[in-house]
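For reference, the structure discussed in these notes is given below.
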């Protein structure tokens, strides 16, 4: 058997510890346990990602997610998160894969994110080796970790059901539009300017309410009001599944998120919207992510309109908006986007699946 070691020498290990691990608070002094012979002969070397690796990572993952890659805008912040580990796999000195693992849920859950493998190395078992390495690294640092969670948007096969339990599913609605066209369309519908005031006069339903930090804490942590709204008691924010715990809320409230509910005293629908960020598909292209919870179509439409109006009002250019919602709402919401708002449907129905497995 051949051991896959993280570093070729103690000197290299000490240098890496000095340059990047103090900031990330990651213990990289681990020895990788023995791997199956077929995988150990892959000749991979592992290291903690640094800011200097950015260009090589971007070159390795060019065109991933159809040009909607979120990593360029988040890479630097990922390196600064103390509960996150970003590991690179190299082959003959070149970066061929990346994996990020984040410890959440009071230290009980290892959240796997950001996996990418260079095109020429796919199908060779690299992802499995890298994930195994990251798991061992996290378990050594956080022995209380019990489960691994990840979020997928592809179809789960029989082998997946042998490895994972499904926590929840959401439908994925992806639409595209020009910000200028949407502003004009909303104005034509009488929803320009202060859209919440417009909704209050044009509908018998009270307008949605944006939440401040105090209201978020009250709703999600000190009451049971969200239990019937959240899918399987899970807050899913931009592909990250969280249990409603104080430690997780501390993570979420550091992010730029627009929190909304229909009623602060008796919520039926809630939503979390990211602030728009640029994506590498082209110049003046932005991405907007909306996680919608609840089963009432009219209330979901209202919150969708409020998020769209608020977050595209100052934009010029193209917007890709991805909304995750209760699967039965997908078709009527897609029809509303096309027929009422003149938005282009980018792809047909797909699902976002949150799955987990026990850490052995």
Give me the percent relative contact order of segment 169-358, please, defined on Cα pairs under 8 angstrom at least 6 residues apart. 35
Going by how many other Cβ atoms sit within 10 Å of their own, how do 349, 220, 65 line up, fewest first? 349, 65, 220
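Based on the alpha-carbon set only, what is the convex hull volume of segment 279-358 divided per residue, in Å³?
131
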Mean residue ellipticity (222 nm) of the chain, computed from DSSP H runs ≥ 4 via -39,500 (n - 2.57), nearest 500: -8500 deg cm²/dmol
Rounded to the nearest 10 degrees, what's the angle between the helix 71-80 long axis and the longest principal axis of the chain, both from Cα atoms, 0 to 90? 60
Listed residues 249, 58, 333; largest mean-square fluctuation, Gaussian network over the chain with Cα springs below 10 Å, found at 58
Pick from 241, 332, 158 the residue whose mean-square fluctuation is largest in a GNM of the chain, springs joining Cα atoms under 10 Å. 158
Using alpha-carbon coordinates, inclination of helix 297-312 to the longest axis of the chain, degrees: 70
Bin width 20 Å, alpha-carbon pairs only: give the P(r) of the chain as whole percents, running from 0 to the bin holding the largest distance. 27, 55, 17, 1
For a label point 7 angstrom out from the Cα of residue 181 toward its Cβ, which stretches of segment 276-290 have the backbone nitrogen within less than 17 Å? 282-288
Nearest-ten-degree value, helix 126-141 long axis tilted from longest Cα axis of the chain: 90
Amide N of segment 320-347 lying under 17 Å from the label point, which is placed 7 angstrom from the Cα of residue 285 along Cα→Cβ: 320-323, 344-347
Relative contact order as a percentage, the chain, C-alpha pairs under 8 Å and 6+ apart, gives 20
Out of 243, 141, 254, any idea which swings most in a Gaussian network model of the chain, alpha carbons joined below 10 Å? 254
Work out, step by step, the length gained on full extension between residue 144 and residue 124: first 0.36 nm times the residue separation, then minus their alpha carbon distance; give nm to one decimal. 4.1 nm
Over segment 127-277, what is the relative contact order in percent, taking alpha-carbon pairs closer than 8 angstrom and at least six residues apart? 19
Say each of residue 215 and residue 136 gets a label point 7 Å from the Cα, pointing the same way as Cα to Cβ; how far apart are those two points in nm? 4.9
Take the eigenvalues of the Cα gyration tensor for segment 169-358, scale each by 5, and report the square roots as semi-axes in whole Å, largest first. 25, 20, 16
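Read the figures in this text as sums done on the coordinates, not as results from a lab. These numbers come from a predicted model, not from an experiment. Cβ atoms come from the backbone with ideal geometry, glycine included; neighbour counts cover every protein chain shown.
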